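For reference, the structure discussed in these notes is given below.
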Amino acid sequence: MNRRHALKFGALASAWSALRKLRKAPNVNTGKQETVLVIGAGAAGLAAARELESQGFDVTVLEARDRIGGRVWTDNSLGHPVDMGAAWLEGTRGNPIVKLAREFEVETTPSNYRSNQAFDTEGQIIDKNAFFQLLLKTDRALEETAALNRKLSANPSADIALAEALTHSAWDADLSEAELRIARWMFAWNVGADAAEDLKDISLRGYWAEGEPEGFDGAYHLFPRGYGQIIEGLAKDTSVRLNTQVQRVELDDHGVRLTADGMELRADRVLVTLPLGVLQGGSVEFVPELPKRKQQAIQNLGMGVANKVVLAFAKPFWPQDIHFLGYASGQEGEFVEWLNVLRYTKAPILSIWSHGDCARKMESQSDAEIVEHVMQVVRKRFGKETPNPIEALVSRWDSDPFAGGSYSSLQVGATHADFDALAAPVGGRLFFAGEATNRQHYATVHGAYLSGVRAAAEIANLAR
Ligand SMILES: Cc1cc2nc3c(=O)[nH]c(=O)nc-3n(C[C@H](O)[C@H](O)[C@H](O)COP(=O)(O)OP(=O)(O)OC[C@H]3O[C@@H](n4cnc5c(N)ncnc54)[C@H](O)[C@@H]3O)c2cc1C
C-alpha cells in the first residue's frame, strides 16, 4: 500500500471507529450505556480500553502517574529516545505488537544477540572460542537440571531454586575461577535477565514447566524511536485521567465505587491492571477483600527487578557495529548487558542492564555513585582516559510506588496456575489484566496487551 492509500485508509478507519462508538453497549440491568473504569494506563489497560470503546462502552482510564505507558517509558530528555522500561519486541511470529507497529506506522529493527563482545573483570575481551566452549558447558549444565526436576516432580509441592539445582552436578569441576565468573555471567544473561532475578530466586519447576508454551518465535526487534510510540497509538482515542491514584476499590450491589485522591468514582465494572508489585505492596484496598486464592497468587509470584543505566557520551569509544557488550562481572546481575544504542539510533549512547539483588541494592545509591561505578568498569575495558558521559539516566523500578519492580517471575514455590488465579474475575464486576495475569506471555508488553484484550472480552461477554 503506498502512503496516499495508507492515509486514506487511516481516515476511513477513524470514521469507522467513531461510528462504532455511537453504538452504545447497553447495561443488561438498566438499559443505559455500560460504564467501565480501568485502573492503569499501561499496555494492558490501554488495550482493554481501546477494545471496550470500540464496542460502545463508556470507558475512563485512571492513571496515577503524570504520563501513560507504565513500564513502557521512552525518555526523550537526552535529545534521543531511550527506553528505560521495555525495549524489545520479543519474537515477531504471531506477536500482536507487530500488527500494532504496522497500524501505527512505527519502525522496528532487528536486534542481534549474537553480535556481542564480552569482557571480563580485568577488562580483557573474552576469546570467542573460550566463549563458545563455556556457553556449551552452561547449556549442558542447565539441561542436566531437567532430570533433577523430573525426579522432584513426583512430589507436586517440591520445588528448589535453579542455583541449588546446578550444584547437583559437577559441571564446573574443571573450571578456573576466571572461567567460573564468565560461566556465571552466562547464566545471568541467558536465564537471570529473563526473570530479572538471581538464580537463587528462580524456580526449577517453573523453568522446566512442561506443556507451557511461552513466548513467540522469530527475531527480537527494537524500536529506534522508542516503544512509547506503540503506547501512544493505543491511547489515541481513549479518555485517560492522569495524576489519579486509586486507593480503594469497593464492590456493592449496584456496581463499583473507587476512591482516588479523595474523589469518589462509580461505574458498572472495573478492570484492575495494577502491577503485581503494587498488589503485593497493598497500597490499594479492596472491599470486600480479594478471594484467598488470588491473595495467595499475589504472594506466590515473584516480582523481579531489572534496571538500566543509560550513558550518553560526546562520541563513541566502543566498537560501533556490534549490538551488545557483555560484562562478566564477579557479582551476579551487575551490568550484565550493554546495548549499543548507537547501532540503532546513531546517538553515542550505551544502555546498561542490571537485575536481581544487585539491581535492588543499586537503587539506594545516588545517580552519581552508580555512574562512577559503571565508569570504573568502562575504564578497565577502554582505558583510563575514557571521558565521563555528558549525561546519564538511571531507572529505579523497585522503589517506584506505581511499579514495585520490573516484571513478574516464577520464584521458588510459584506455578503457572498463579498467573491464572490472578487473572480470574471476581463476581462479574471486578476484572484483572496486566502482564502477571498472562501465564503464557507474562513479563512482556505483548503479554500485557493480550491480557487487556482478554479482559475486555470477559467484560463484553457479561454485558451482552
Ligand atoms: C526495565 C524493564 C525492561 C523490560 N523489558 C521488556 C522488553 O524488552 N520487552 C517486553 O516485552 N517487556 C519488557 N518489560 C516488561 C513490560 O514493560 C511489562 O510487562 C509491561 O509493560 C506491563 O504492562 P502492564 O500494563 O501490565 O503494567 P504497567 O505498564 O505497569 O501499567 C500499570 C499502570 O498502573 C499504574 N498504577 C499503579 N498504581 C496505580 C494506582 N494506585 N492508581 C492508578 N494507577 C496506578 C501505573 O502507573 C502503570 O501506568 C520490561 C520491563 C522493565 C521494567
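Got a number for carbon plus sulfur as a percent of the chain's accessible area, 1.4 Å probe?
Details: 10810 of 21030 Å².
Answer for the chain: carbon and sulfur cover 51 percent of the accessible area.
Counting only heavy atoms of the protein chains, get the accessible area per residue of segment 94-207 (1.4 Å probe) and round it to a whole Å² value.
Each residue of segment 94-207 exposes 52 Å² on average to a 1.4 Å probe.
What do you get for Rg/Rh of segment 163-229 when both radii come from the Cα atoms and Rh is the Kirkwood radius?
1.08
I'd like the FRET efficiency for residue 399 and residue 128, computed as 1/(1 + (r/R0)^6) with the beta carbon distance as r and R0 of 51 Å, rounded to 0.05.
The calculated FRET efficiency here is 0.85.
For the chain, report the convex hull volume of the alpha-carbon atoms normalised per residue, in Å³, without decimals. Don't skip to the answer; put the middle values down first.
Working: hull volume 69.8 nm³, N = 464.
Expressed per residue, the convex hull around the Cα atoms of the chain is 150 Å³.
Set the bar at 29 Å for Cα to Cα. Now go through 137/315; 236/315; 128/384 and name every pair that lies beyond it.
Result: 137/315; 236/315 exceed 29 Å.
Where does the charge balance sit around residue 257 when Lys and Arg score +1, Asp and Glu -1, over other residues with C-beta under 15 Å from its C-beta?
For residues surrounding residue 257, the net value is -3.
Please say if segment 225-314 is rounded, prolate or oblate, where rounded means a/c under 1.5 for a ≥ b ≥ c the square roots of the C-alpha gyration tensor eigenvalues, and otherwise the choice is prolate for a/b larger than b/c and oblate otherwise?
oblate
Rg/Rh for segment 373-464 to two decimals, with Rh computed the Kirkwood way over all alpha-carbon pairs.
Numbers: Rg = 20.5 Å, Rh = 16.5 Å.
Using only Cα positions, Rg/Rh for segment 373-464 is 1.24.
Apply the membrane-span-like helix rule to the chain: whole DSSP H runs, Cα extent along the own long axis of at least 20 Å, mean Kyte-Doolittle hydropathy at least 0.5. List the helices found.
Helix filter hits for the chain: 445-463.
At 7 Å along the Cα-to-beta-carbon direction for both residue 287 and residue 172, put a label point, then send me their distance in nm to one decimal.
Taking the two extended label points, one gets 5.2 nm.
Given a 1.4 Å probe, how much area per residue of segment 273-422 is accessible, in Å²? Walk me through the numbers before you get to the answer.
Details: 5890 Å² over 150 residues.
That works out to 39 Å² per residue.
Out of all DSSP beta bridges in the chain, what portion is antiparallel? Express it as a percent rounded to 5.
Around 65 percent of the beta bridges assigned by DSSP in the chain are antiparallel ones.
Could you give the radius of gyration (one decimal) and Dmax (whole number) of the Cα atoms in segment 121-238, in Å?
Calculated on Cα positions, Rg and Dmax stand at 18.5, 60 Å.
Determine, for each peptide in 98-110, 127-139, the mean count of other beta carbons within 10 angstrom over its residues, then list the peptides with the highest first.
Values: 98-110: 15.5, 127-139: 13.6.
Peptide ranking by packing, descending: 98-110, 127-139.
Put one equal scatterer on each alpha carbon of segment 317-440, apply the Debye formula with no solvent term, and list log10 I(q)/I(0) at q = 0.10 1/Å to two decimals.
Result of the Debye calculation: -0.46.
Given the alpha-carbon gyration tensor of segment 108-175, what are the semi-axes of its equivalent ellipsoid in whole angstrom, ordered largest first, with each equal to the square root of 5 times an eigenvalue?
31, 18, 10
If the cut-off is 18 Å between C-alpha atoms, which aspartates and glutamates fall inside it for residue 380, apart from same-chain ones fewer than 8 positions away?
Straight-line reach from residue 380, under 18 Å: 120, 122, 127, 334, 337, 369, 372.
Which order do the peptides 374-383, 187-196, 70-79 take when ranked by the mean count of other beta-carbon atoms within 10 Å per residue, highest first?
187-196, 70-79, 374-383
Residues with beta-carbon under 14 Å from that of residue 134, excluding residue 134: net charge, scoring Lys, Arg +1 and Asp, Glu -1?
Values: positive: 128, 137, 140, 181, 184; negative: 120, 127, 139, 172, 174, 177, 179.
So the surrounding residues net to -2.
Please work out the C-alpha center-to-center distance from segment 370-432 to segment 313-330 and express it in whole Å.
Cα centres, segment 370-432 to segment 313-330: 21 Å.
Sorted by packing (mean other beta-carbon atoms within 10 Å per residue), highest first, where do 303-309, 254-260, 275-281 land? Could the numbers behind the result be given before it?
Values: 303-309: 25.7, 254-260: 17.7, 275-281: 23.7.
Packing order, densest peptide first, comes out as 303-309, 275-281, 254-260.
In terms of Cα to Cα distance under 18 Å, which aspartates and glutamates are near enough to residue 294, apart from those fewer than 8 places away along the same chain?
In chain and number order, the partners are 250, 285, 418, 420, 435, 458.
The values are calculated or read from the model by the stated rules, or taken from the named source; none is laboratory data. From a predicted model like this one, the values you see are computed outputs, not experimental measurements. Cβ: placed from backbone, ideal geometry, glycine included. Neighbour counts: every protein chain shown. Each accessible area value is taken on the protein alone, full model and side chains, heavy atoms only, with ligands, DNA and RNA left out. Shrake-Rupley method; radii C 1.70, N 1.55, O 1.52, S 1.80 Å.
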